[in-house]
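Trainee: Structure below; questions to follow.
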Amino acid sequence: MHFTLKKETIENLETFGQMLDKDASTMLEEALELYFETQQKRMLEKSMEKENAMTNLDYDEFWEGVELD
């Protein structure tokens, strides 16, 4: 796996690493864990919204096109 970080990101890793007494790998691992958790929550919420949109019709939508004799 290969990736590139901006100079500013590297500088922040170095600065925060000194302040927090953590190495860059630990900080990146923690940051990615939070990122993945956030993305999973967003995907779940989006999925639930989509499911609700497909199953929850308002009154007019439910009765649209229905003719009662």
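Trainee: State which residue pairs qualify: first residue closer than 20 Å to Glu8 by Cβ and inside the range 24-42, second residue assigned to a helix (DSSP H, G or I) in any location, beta carbons under 6 Å apart, and separation of 6 or more residues or different chains.
Mentor: Close Cβ pairs (under 6 Å, with a partner that is assigned to a helix (DSSP H, G or I)) amount to Ala24/Leu13; Ala24/Gly17.
Trainee: Now for a separate question. Of these, Leu28, Leu5, Leu20, which one is more than 22 Å from the chain's Cα centre (by Cα) and of a type in the set (A, V, I, L, M)?
Mentor: Leu20
Trainee: Can I ask one more? Sort out which residues of the range 11-25 are surrounded by 12 or more Cβ atoms within 10 Å (Cβ to Cβ) and assigned to a helix (DSSP H, G or I), and write them in order of number.
Mentor: Result: Asn12, Leu13, Phe16, Gly17, Ala24.
Trainee: Look through Glu61, Glu49 and report the one residue that is surrounded by fewer than 10 Cβ atoms within 10 Å (Cβ to Cβ), assigned to a helix (DSSP H, G or I) and either of a type in the set (Phe, Trp, Tyr) or out of contact with any Leu (no Cβ under 7 Å at 6 or more places or on another chain) (or both).
Mentor: Glu61
Read-outs: derived from the displayed coordinates by stated rules, not from any lab. From a predicted model like this one, the values you see are computed outputs, not experimental measurements. Virtual Cβ from ideal backbone geometry, glycine too; neighbours counted across all protein chains shown.
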